[in-house]
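The structure appears below as structure tokens.
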Amino acid sequence: MDTFDLVVIGAGPGGYVCAIRAAQLGLKTALVERDASLGGTCLNVGCIPSKALLESSELFHVMRHKSEAHGIMPASVKLDLPRMLARKEGIVKDLTDGVAVLMKKNKVTVLHGRGVLKGGGKVAVLSDSGEREIAGKSVCLAMGSVPVQLPFLPFDGNRVVSSTEALCFDTVPAHLVVIGAGAIGLEMGSVWNRLGAKVTVVELLPRVAPFADAQMSTFLERALKAQGMVFRLGAKVTSAKVEADGVTVVIQNGKGEEERLACDKVLVAVGRKPCTDTAGLAEAGVALDGGRVTVDDHFQTNLPGVFAIGDLIRGPMLAHKAQDEGVAFAELIAGKPGHVNYDAIPNVVYTHPELACVGLTEEECKAKGLPVKVGKFYFKGNGRAKSLGEDEGLVKVVAHAETDRLLGVHILGARASDMIAEAVLALEMHASAEDLARTCHAHPTLSEILKEAALNVDKRAIHG
Ligand SMILES: Cc1cc2nc3c(=O)[nH]c(=O)nc-3n(C[C@H](O)[C@H](O)[C@H](O)COP(=O)(O)OP(=O)(O)OC[C@H]3O[C@@H](n4cnc5c(N)ncnc54)[C@H](O)[C@@H]3O)c2cc1C
């Protein structure tokens, strides 16, 4: 039986990054993955293919609706959906092949098959070619997550789908109902709306992107409505009838009124749940808390030698959080001080405009009794935003009223996903609003909006 210092089960961004870092630190490492392709949800059916389609569909939208403002008059703009989907698949293949190359480069042993915990550091790898047992001094569970189904509306892969199928519809649905206005629902809804579908988003809570700053949610909802998306907020899906030619979704709004939505397809995007049923966790006695694998600050489960990271454990289900945990865990078992700062994990919704945030919202600060001062600055006051034709949105900086320490930064606008990096670093370095405000920002850039918002914490923005 082959023995490793570390056996990682699951080759998503948590698992494969953990394997690389462990190998860099000299640990003999094996990575077990049940799928043929490495990269997990993120590279195969998550972050990357969704962003590829968001980019293509945004370009389609720009050419149809925005190019004339730049003096560019396209003769005709036609959608070639198979080609758009092929481009997305090509990007996925390049990146997943790239992960395989990284494994070779770092001398990580990749074993394809389903990994099952066998106790005493042993892991069975089950595949079509049989069963093989390996052993690890440490075993890291990184099996990620899967979409949540609604009990009365199970996925059928055709009419009732998860994000996985919504990444590859072969025709544009006439009417797509999206259940759930979180990141995945809003992003996939945006893709198909831009490509010509009528999109109705139903959300139980009273606002879109419910985790975000309330003002940002309101602005985002307004922007998406202007793009043609329809929202039923504070509404509950009570039942649905799936027929050969479509689905009727019955919803009930906050006043108890019922509405029937007839559509071609329903995307159920009500969340994801940890993938705890593939690796023999129950049989091995791995403790769960609310469906997630319980770990301590060092990613240790209740079983000696068994650890867990990524979507399986507490915290936001995000690829960069899984990666950072993978690195921290590998460093810890190599005797180094690995650490993840959960207070500085950015969260992005890649709609247009994009929504990006890090740290606490104003409401969260108030709920914690933290005295805050807030600075805002709008994209319309920024020269680069004007030149880009992207002057919709704002930056909101939340700082401690007494110490000026940054507590949160919230950005709604074009390229917010890139702009947030500066704010994450600022939070990581325990910077103050004054630090951001005094930092020289290149002109003309969108990043100047962040500086102006930081200046506005003390009401001294220059351009607004
Ligand atoms: C449509 C969509 C868009 C997303 N967009 C973003 C985004 O823009 N940014 C972001 O940060 N996050 C995004 N996410 C979330 C992100 O994909 C996840 O947070 C991330 O992939 C979690 O990483 P992980 O390593 O924990 O697990 P996963 O990526 O889920 O990987 C787990 C791996 O384990 C394998 N596995 C499971 N059981 C076994 C077993 N028993 N044996 C062997 N292998 C097994 C699975 O096949 C899988 O490859 C998105 C998700 C979706 C669905």
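Using Cα-Cα distances under 8 Å and only pairs 6 or more residues apart, what relative contact order does the chain have, in percent? Write down the numbers at each step before the final one.
Values: 1022 pairs, mean separation 66.0, N = 464.
So the answer I get is 14 percent.
Between region 239-260 and region 335-366, what's the alpha-carbon centroid distance in Å?
If we compute the Cα centre of each part, the gap is 35 Å.
Give me the number: length gained by fully extending Val172 to Glu283, i.e. 0.36 nm times residue separation minus the C-alpha to C-alpha distance, one decimal in nm.
Fully extending the segment from Val172 to Glu283 adds 35.5 nm.
Hey, quick one: spin label on Asp435, modelled 7 Å out along Cα-Cβ, who in region 378-410 has an amide N within reach, i.e. under 15 Å?
398-400, 403-409
Give me the number: length gained by fully extending Lys273 to Tyr342, i.e. 0.36 nm times residue separation minus the C-alpha to C-alpha distance, one decimal in nm.
Numbers: separation 69, 0.36 × 69 = 24.84 nm, distance 1.98 nm.
Here the answer is 22.9 nm.
Taking 35 Å as R0, compute the FRET efficiency from the Cβ-Cβ separation of Asp245 and Leu388 and round it to 0.05.
Details: r = 43 Å, r/R0 = 1.23.
So the FRET efficiency works out to roughly 0.25.
Between region 163-197 and region 54-128, what is the C-alpha centre distance in whole Å?
Between the Cα centres of region 163-197 and region 54-128 lies a distance of 17 Å.
Can you compute 3J(HN,Hα) from phi for each residue in region 350-364, using the Karplus curve 6.51 cos²θ - 1.76 cosθ + 1.60 with θ = phi - 60°, rounded to whole Hz and x for Gly and Pro?
Here the 3J(HN,Hα) series is 8, 7, 10, x, 7, 10, 9, 8, 8, x, 8, 7, 4, 5, 5 Hz.
Given the peptides 389-396, 39-46, 435-442, arrange them by the average over their residues of other C-beta atoms within 10 Å, most packed first.
Per-residue Cβ counts within 10 Å, averaged per peptide and sorted highest first, yield 39-46, 389-396, 435-442.
At a Förster distance of 22 Å, what's the computed FRET efficiency of Arg314 paired with Leu25, Cβ-Cβ distance as r, to 0.05?
Details: r = 25 Å, r/R0 = 1.12.
Result of the calculation: an efficiency of 0.35.
Give the carbon-plus-sulfur fraction of the accessible surface of the chain in %, rounded to a whole number; probe 1.4 Å, heavy atoms of protein chains only.
53
So if R0 is 35 Å, what FRET efficiency would Glu428 and His298 give, r being the distance between their Cβ atoms, rounded to the nearest 0.05? Write down the numbers at each step before the final one.
Values: r = 21 Å, r/R0 = 0.59.
For Glu428 and His298, the calculated efficiency is 0.95.
Count charges around Leu233 for me, please; just the other residues with Cβ under 10 Å from its Cβ, Lys/Arg as +1, Asp/Glu as -1. Numbers along the way, then the final one.
Details: positive: Arg207, Arg232; negative: Glu203, Glu221.
The answer is 0.
Going 7 Å from the Cα of Ala367 in the Cα-to-Cβ direction, what parts of region 173-210 have a backbone nitrogen less than 13 Å from that spot?
Within reach of a label on Ala367: 210.
Please identify the trypsin sites (Lys or Arg not before Pro) of region 246-306 that satisfy two criteria: DSSP loop assignment and at most 10 other Cβ atoms within 10 Å. Which are they?
Answer in residue order: Lys255.
So what are the ³J(HN,Hα) numbers for region 117-129, from phi and the Karplus equation (6.51, -1.76, 1.60; θ = phi - 60°), rounded to whole Hz, Gly and Pro as x?
With coefficients 6.51, -1.76 and 1.60, one gets 5, 10, x, x, x, 8, 10, 8, 10, 9, 9, 4, 8 Hz.
Report the local net charge at Val340: Lys and Arg +1, Asp and Glu -1, summed over other residues whose C-beta lies under 15 Å from its C-beta. Intermediate values should be presented prior to the final figure.
Numbers: positive: Arg21, Arg314, Lys321, Lys336; negative: Asp296, Asp297, Asp311, Asp324, Glu325, Glu331, Asp343, Glu428.
Summing Lys/Arg as +1 and Asp/Glu as -1 gives -4.
Please list, ordered by chain and number, the residues whose modelled amide H lies under 5 Å from the amide H of Ser138; skip anything fewer than 5 residues away on the same chain.
Leu6, Val7
Can you give the extra length, in nm with one decimal, that the chain gains between Ala442 and Asn158 once fully stretched, where that is 0.36 nm per residue apart less the Cα-Cα distance? Display every interim value, and only then the final one.
Working: separation 284, 0.36 × 284 = 102.24 nm, distance 4.88 nm.
Answer, rounded to one decimal: 97.4 nm.
Could you tell me which trypsin sites (Lys or Arg not before Pro) in region 83-188 are loop residues by DSSP with no more than 10 other beta carbons within 10 angstrom of their beta carbon? Working shown, then result.
Values: sites: Arg83, Arg87, Lys88, Lys93, Lys104, Lys105, Lys107, Arg114, Lys118, Lys122, Arg132, Lys137, Arg159; in loops: Lys107, Arg159.
In loop regions of region 83-188 (DSSP not H, G, I, E or B), the sparsely surrounded trypsin sites (Lys or Arg not before Pro) are Lys107.
Ordered by residue, what ³J(HN,Hα) values in Hz, to whole numbers, does region 297-308 give under the Karplus form 6.51 cos²θ - 1.76 cosθ + 1.60, where θ = phi - 60° and Gly and Pro are x?
Each residue of region 297-308 in turn: 5, 9, 6, 7, 7, 6, 9, x, x, 10, 10, 8 Hz.
Identify the trypsin sites (Lys or Arg not before Pro) of region 23-76 meeting these criteria: DSSP loop state and at most 10 other C-beta atoms within 10 Å of the C-beta.
Hits after loop and neighbour filter: nothing returned.
The values are calculated or read from the model by the stated rules, or taken from the named source; none is laboratory data. Predicted, not measured: the structure shown is a model, and the values here were computed from it. No Cβ is skipped: glycine too gets one built from the backbone with ideal geometry, and neighbour counts run over all protein chains shown. Remember, those area values only see protein heavy atoms, side chains included, never the ligands or the DNA or RNA. Shrake-Rupley method; radii C 1.70, N 1.55, O 1.52, S 1.80 Å.
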